[in-house]
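Each remark here refers to the structure printed beneath this line.
The values are calculated or read from the model by the stated rules, or taken from the named source; none is laboratory data. On a predicted model such as this, the values are computed, not experimentally measured, just so you know. Heads up, the Cβs are rebuilt from the backbone with ideal geometry, glycines too, and the neighbour counts pull from every protein chain shown. Keep in mind that these areas ignore ligands, DNA and RNA; they rest on the heavy atoms of the full protein, side chains included. Shrake-Rupley method; radii C 1.70, N 1.55, O 1.52, S 1.80 Å.
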Amino acid sequence: MASSDTANTAAAAFDPYELKDVVSGSIRDPYPKMHELRRECPVHTGPIDLGEGADIADPNRPAPVTVFGFDEVVQVLRDNGTYSSSVYEGVMGMVMGRTILQMDEPDHRIARAMVAPSFRSKVLERWEEELVAVVVNELIDSFIDRGHADLVREVTFNFPAQVIARILGLPRADYSNFQRWAIELTSVAANWERGVAASEALRAYFAGVMEERRAAPGDDLISDLVRVEVEGSTLSDEEIYSFLRLLLPAGVETTYRATGNLLLALLTDRSQFDALYNDRTLYPQAFEEALRWEPPVTVILRRAMRDTTLAGVHIEAGADIALLLGAANRDERKYTDPDRYDMFREIRQHVGFGFGVHVCLGMHLARMESRVAINTLFDRLGEFTLDPDAEVPHIAGMAFRSPLSLPVVFAAR
Amino acid sequence: MNEPLDVKIDWDRCMGSGNCVFWAPQTFDLSEDGHAVVIDASATDEERLRIAAEGCPVGAISLWRGGVELPAGEES
């Protein structure tokens, strides 16, 4: 393919990690301010400043709403008749195309049913050993004889993009371009023109791949998508491009950050690290607690379809509503000592994957990928620890949060 | 010792997220058409069943004891 030849030359000097900062921002701990605002009221109207400055309110639009409480976030996400996902038609729609993210019922249910079978946990099992473990092992091979590594730069940042690329059945030579477009698309808010160009590049690239898969279907997601049929409907090419584009921020960005957040939680509390290291059956609660404690995506949006009230606060029809998942997950009315990571806490429900009919489609893939990554690190590196000579890492970001680095040491093999 | 829990799934609500299968794989499974089904209500301890029910993103799972529905979040 001509497009990948030319791009390969540029890809040689490309380190995708260099693009990462623009996505996340530098806010370290937005939670004290969130606690303060939630204590005032779990629902606020008007612009909110969580440390990056408040947006300027548009006087021609209904006042925006921000939700900080767990029960209130769940209430909004369950009531998809009152609270519409069409709010994502704007920026996301322009860059991604029309996706399930921005659809309401009944369109959403049908469109999701077409792609959902590919993301069921049983279907994903086949990727576990032959794919995810292979990718993670290869990454570890490159540093295991060194005795130290930055687990963000050398593992977590790279593996989800490679996993998605392999699930799509992309040739290995294309991975570097694919990851670059993925990051450029995801960071569209920081660089609009570059994001839109990446979106177009992905369409052209996927068009070629889809043509090949129609002619010769394989054991991959794109082959599934060009053949799928639900209640007599099939996916148009445009719908497939859009879904594949959505997979990048949804499937790459989130998993890398969630895995980094879990690792940071374990590395900064040795009793938690030891507990999981010595009993891998604790993984489900260890990962879910990481998603509660530091969800990689901290905010999702809805738009009110009619005048309504939430926690006694009036919401005007048409108002945009920011649901702060991170704030909800640390609601003191629900969780004891909410700022502490504790895989043994009693209440495990959280909204880190969202909630309601739009709940993360890739949750089982994320859980499996992260489990394989952590288990493989444990098995290969043994009891790794934070590098005592490096600065103690921390989680940063606002809309997306994760550690920028995780310097560790281990016995070289 | 309490009477065993009964687990019900509202198929009009269920959207096949599979979250219940994650928390209680011995009790729940997904059918061919993508709905959750109960294979064995007694195969999972009550704490896990409660997590699975409360974690259902569309509130399709209810727990019953002796013909009475348990309120969400009730301690056993």
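Which one of the conditions (1) touching a Ser or Thr at 6+ places or on another chain (Cβ under 7 Å); (2) of a type outside the set (Asp, Glu); (3) within 14 Å of another protein chain (Cβ to nearest Cβ) does residue A:302 fail to meet, given that it meets all the rest?
(3)
Let me confirm something: among A:146, A:194, A:112, which residue is modelled with pLDDT of 90 or more, within 14 Å of chain B (Cβ to nearest Cβ) and more than 17 Å from residue A:255 (Cβ to Cβ)?
Result: A:112 is the single residue among A:146, A:194, A:112 that is modelled with pLDDT of 90 or more, within 14 Å of chain B (Cβ to nearest Cβ) and more than 17 Å from residue A:255 (Cβ to Cβ).
Against the conditions (1) modelled with pLDDT of 90 or more; (2) away from every other protein chain (no Cβ under 14 Å); (3) buried (at least 19 other Cβ atoms within 10 Å of the Cβ), where does residue A:24 fall short? Just the number, please.
Answer for residue A:24: the failing condition is (1).
May I ask you to verify whether residue A:104 is outside any helix (DSSP H, G or I), within 14 Å of chain B (Cβ to nearest Cβ) and surrounded by fewer than 21 Cβ atoms within 10 Å (Cβ to Cβ)?
yes
If you scan segment B:46-65, which residues turn out to be within 11 Å of chain A (Cβ to nearest Cβ) and part of a helix (DSSP H, G or I)?
Residues satisfying the conditions are B:47, B:48, B:50, B:51, B:52, B:53, B:54, B:55.
Have a look at A:255, A:234, A:281 and point out the one that is of a type in the set (Ser, Thr, Tyr), more than 18 Å from residue A:109 (Cα to Cα) and away from every other protein chain (no Cβ under 14 Å).
A:255
Name every residue in segment B:11-21 that is more than 10 Å from chain A (Cβ to nearest Cβ) and either modelled with pLDDT of 95 or more or open to solvent by less than 50 Å² (accessible area, probe 1.4 Å) (or both), in order of residue number.
B:14, B:20
Determine if segment A:370-377 includes at least one residue that is closer than 19 Å to residue A:80 by Cβ, within 12 Å of another protein chain (Cβ to nearest Cβ) and open to solvent by 20 Å² or more (accessible area, probe 1.4 Å).
no
Please verify whether segment A:167-189 includes one or more residues that are buried (at least 19 other Cβ atoms within 10 Å of the Cβ) and within 14 Å of chain B (Cβ to nearest Cβ).
The answer is no, given that none of the residues of segment A:167-189 is buried (at least 19 other Cβ atoms within 10 Å of the Cβ) and within 14 Å of chain B (Cβ to nearest Cβ).
Which count do you get for residues in segment A:287-321 that are closer than 15 Å to residue A:351 by Cβ and of a type in the set (Ser, Thr, Tyr)?
So the answer is 1.
Kindly indicate whether residue A:367 is within 14 Å of chain B (Cβ to nearest Cβ), in contact with a helix residue (DSSP H, G or I) (Cβ under 8 Å, 6 or more places away or on another chain), open to solvent by less than 20 Å² (accessible area, probe 1.4 Å) and of a type in the set (Lys, Arg).
For residue A:367, the condition - within 14 Å of chain B (Cβ to nearest Cβ), in contact with a helix residue (DSSP H, G or I) (Cβ under 8 Å, 6 or more places away or on another chain), open to solvent by less than 20 Å² (accessible area, probe 1.4 Å) and of a type in the set (Lys, Arg) - is met.
For segment A:118-150, enumerate the residues that are open to solvent by 10 Å² or more (accessible area, probe 1.4 Å), touching a His at 6+ places or on another chain (Cβ under 8 Å) and either polar (S, T, N, Q) or assigned to a helix (DSSP H, G or I) (or both).
Those that are open to solvent by 10 Å² or more (accessible area, probe 1.4 Å), touching a His at 6+ places or on another chain (Cβ under 8 Å) and either polar (S, T, N, Q) or assigned to a helix (DSSP H, G or I) (or both): A:119, A:121.
Condition check: open to solvent by 40 Å² or more (accessible area, probe 1.4 Å) and either closer than 22 Å to residue A:142 by Cα or in a helix (DSSP H, G or I) (or both). Does residue A:153 satisfy that? Full working, then the answer.
Numbers: open to solvent by 40 Å² or more (accessible area, probe 1.4 Å): yes; either closer than 22 Å to residue A:142 by Cα or in a helix (DSSP H, G or I) (or both): yes.
It is true that residue A:153 is open to solvent by 40 Å² or more (accessible area, probe 1.4 Å) and either closer than 22 Å to residue A:142 by Cα or in a helix (DSSP H, G or I) (or both).
Could you tell me how many of the residues in segment A:293-322 are charged (D, E, K, R), part of a strand (DSSP E or B) and out of contact with any Phe, Trp or Tyr (no Cβ under 6 Å at 6 or more places or on another chain)?
2
Among the residues of segment A:386-409, are any within 14 Å of chain B (Cβ to nearest Cβ), aliphatic (A, V, I, L, M) and surrounded by fewer than 19 Cβ atoms within 10 Å (Cβ to Cβ)?
no
So which residues in segment B:27-40 are more than 10 Å from chain A (Cβ to nearest Cβ) and under 19 Å from residue A:110 (Cα atoms), if there are any at all? Walk me through how you get there before you give the answer.
Quick first cut of segment B:27-40, residues more than 10 Å from chain A (Cβ to nearest Cβ) only: B:27-28, B:31, B:35-40.
Within segment B:27-40, B:31, B:35, B:36 qualify.
Residue by residue through segment A:147-197, note down the ones that are of a type in the set (S, T, N, Q) and more than 17 Å from the chain's Cα centre (by Cα).
A:176, A:177, A:191
In the set B:72, B:43, B:24, which member is open to solvent by 20 Å² or more (accessible area, probe 1.4 Å), out of contact with any Cys (no Cβ under 9 Å at 6 or more places or on another chain) and either within 14 Å of chain A (Cβ to nearest Cβ) or basic (Lys, Arg) (or both)?
B:72
Which one of the conditions (1) closer than 16 Å to residue A:82 by Cβ; (2) outside any helix (DSSP H, G or I) does residue A:357 fail to meet, given that it meets all the rest?
Only one criterion in (1) closer than 16 Å to residue A:82 by Cβ; (2) outside any helix (DSSP H, G or I) is unmet by residue A:357, namely (2).
Quick check: anything in segment A:323-340 more than 17 Å from residue A:34 (Cα to Cα) and either within 14 Å of chain B (Cβ to nearest Cβ) or part of a strand (DSSP E or B) (or both)?
Just the residues of segment A:323-340 that are more than 17 Å from residue A:34 (Cα to Cα), to begin with: none.
No, segment A:323-340 contains no residue that is more than 17 Å from residue A:34 (Cα to Cα) and either within 14 Å of chain B (Cβ to nearest Cβ) or part of a strand (DSSP E or B) (or both).
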